[in-house]
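Colleague: The structure that follows is given in the form of structure tokens.
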Amino acid sequence: MAEIDALLKLMTDRGSSDLHIKAGASPAIRLNGRLMVLHEIPALDAEAAERLALGLMDDRQRASFENHHEADFAYSLSGVARFRVNVFHQRGSVAMTLRRVSTERSGIEEIGLPPIVRQLADEPRGLVLVTGTAGSGKTTTLAAMIDHINSTREGHIVTIEDPIEVLHQDNRCIVNQREIGIDTESYADALRHVVRQDPDIILIGEMRDHETVSAALTAAEIGNLVFSTLHTIDATETVNRIIDFFPPYQQKQIRLMLASTLRGIVSMRLIPSINGGLVPAVEVLVMTGTIREYILDPEQTYKIRDAMDEGEYYGMQTFDKSLLALYQAGRITMDDAMSMAANAHDFKIKVRQLGVTSQQAAESGIY
């Protein structure tokens with residue numbers, strides 16, 4: 001345990017987000033989005049890699065790993081951080097990836113999210129989705145929204161996660177956190193019973209299949225505020241992915257349920273900051289009559305991006321608008337902005353039309 005704890009402390013001290021361990025190679029960390037091999041640490045043999053992985057597991061986790069050849073769980077290192085761990089086999093040996101989960105509890109605006117995210121957290125009922133690729137900031141965003149709810153209103157928060165990543169204590173709300181494999185057998189089992197637990201707010205760690213999606217929509221329909229995540233890159237893809245979970249004969253009904261329950265989609269991407277670290281680019285969809293119409297009509301769903309581009313009054317913004325604001329403020333480079341833009345050529349034209357360079361923005365004291 002001392003060996004793995006030392007590696008976790010090292011990655012935390014360096015401010016990295018992930019630690020990668022595999023047989024035949026030195027450990028590697030992800031720092032500011034880029035993977036770096038720790039050449040100063042000797043390569044691990046297969047026995048050492050397996051010993052490090054098994055040392056993190058309890059008896060139940062070891063048994064599960066032996067049966068399924070992979071395992072997901074959380075690990076806390078006192079005084080350092082909490083980590084999400086995935087252990088797996090590759091080329092006949094054990095490997096693992098450990099992601100550091102931030103224990104610093106920052107507010108919604110403090111982590112760089114637009115004010116509309118706070119308004120979505122204040123919704124009394126409905127479905128709010130946070131989407132993005134792995135490592136895009138979904139966990140941090142959801143934690144900030146749950147913290148906001150927990151400190152501003154009374155209610156019962158139930159989370160269903162695999163594994164539990166961020167620990168929430170009772171504040172103004174009662175918080176019950178359920179972990180798959182420990183507190184319940186599956187998302188499906190937990191969601192079948194959650195409505196009988198008198199919840200006000202339900203957090204579903206991830207919507208993985210049509211059964212989970214259907215249960216989330218139903219829970220939102222009956223008056224709960226439901227949060228969940230999807231591994232989708234933007235709001236339009238999120239809507240299409242939810243619908244595509246279901247066979248064609250059910251999709252009309254799902255469009256109706258989604259149009260009536262969805263309150264917003266927050267899509268995340270993390271970009272290297274000029275000043276070091278990462279900064280979030282955020283796309284936000286807010287439910288309006290126009291968005292509802294486009295969700296209901298499969299022939300018009302592709303117009304959602306256009307409605308978001310014109311929906312600034314409602315707090316909506318596309319990724320390109322978020323990137324433009326970050327570039328204006330001198331926080332990201334043009335190359336990084338264009339690499340994340342929906343259309344790099346169009347983005348460059350918008351920058352020129354704006355007539356403000358990032359240097360000018362920085363010198364003017366915008367940031």
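The values are calculated or read from the model by the stated rules, or taken from the named source; none is laboratory data. Since the model is a prediction, treat every value here as computed from it, not as a measurement. Every residue, glycine as well, gets a Cβ built from its backbone with ideal geometry; the counts of neighbours run over all protein chains shown.
Colleague: Among (1) in the same structural domain as Ala216 (by TED's automatic domain parsing); (2) under 23 Å from the mean Cα position of the chain (by Cα), there is one condition Ile254 misses while meeting the rest; what is its number?
Modeller: Unmet condition: (2).
Colleague: Looking at Thr131, Thr141, which one is under 30 Å from Leu31 (Cα atoms), surrounded by 22 or more Cβ atoms within 10 Å (Cβ to Cβ) and in contact with a Leu (Cβ under 6 Å, 6 or more places away or on another chain)?
Modeller: Thr131
Colleague: Also, quick follow-up: Looking at (1) assigned to a helix (DSSP H, G or I); (2) of a type outside the set (A, V, I, L, M, F, W, C); (3) in contact (Cβ under 8 Å) with a residue 40 or more places away in the chain, which is the only condition Gln253 fails?
Modeller: Looking at each condition in turn, Gln253 falls short on (3).
Colleague: Has the range 28-41 got any residue that is in a helix (DSSP H, G or I) and either surrounded by 14 or more Cβ atoms within 10 Å (Cβ to Cβ) or not polar (S, T, N, Q) (or both)?
Modeller: no
Colleague: Which condition from (1) over 18 Å from Ser16 (Cβ atoms); (2) over 25 Å from the mean Cα position of the chain (by Cα); (3) surrounded by 11 or more Cβ atoms within 10 Å (Cβ to Cβ) is the one that Asp59 breaks?
Modeller: Among (1) over 18 Å from Ser16 (Cβ atoms); (2) over 25 Å from the mean Cα position of the chain (by Cα); (3) surrounded by 11 or more Cβ atoms within 10 Å (Cβ to Cβ), the lone unmet condition for Asp59 is (3).
Colleague: A further question follows. Sort through Ile265, Ile254 and tell me the only one that's surrounded by 21 or more Cβ atoms within 10 Å (Cβ to Cβ) and either of a type in the set (Val, Ile, Thr) or modelled with pLDDT under 95 (or both).
Modeller: Only one candidate passes the filter, namely Ile265.
Colleague: Show the residue pairs meeting these rules: Cβ distance below 7 Å; 6+ apart or different chains; first residue within the range 150-163 and in the same structural domain as Ile202 (by TED's automatic domain parsing); second residue polar (S, T, N, Q) and assigned to a loop (DSSP other than H, G, I, E, B).
Modeller: Note: pairs meeting the criteria are Asn150/Asn171; Ser151/Asn171.
Colleague: Looking only at residues in the range 147-169 that are among the aliphatic types (A, V, I, L, M) and more than 26 Å from Pro272 (Cα to Cα), which one is surrounded by the fewest Cβ atoms within 10 Å (Cβ to Cβ)? Don't jump to the end; show me each part of the working.
Modeller: Filtering the range 147-169 for residues among the aliphatic types (A, V, I, L, M) gives 149, 157-158, 160, 164, 166-167.
Subsequent filtering for residues that are more than 26 Å from Pro272 (Cα to Cα) retains 149, 157-158, 160, 164, 167.
On the way: Ile149: 25, Ile157: 22, Val158: 23, Ile160: 26, Ile164: 21, Leu167: 13.
Checking each candidate, the answer is Leu167.
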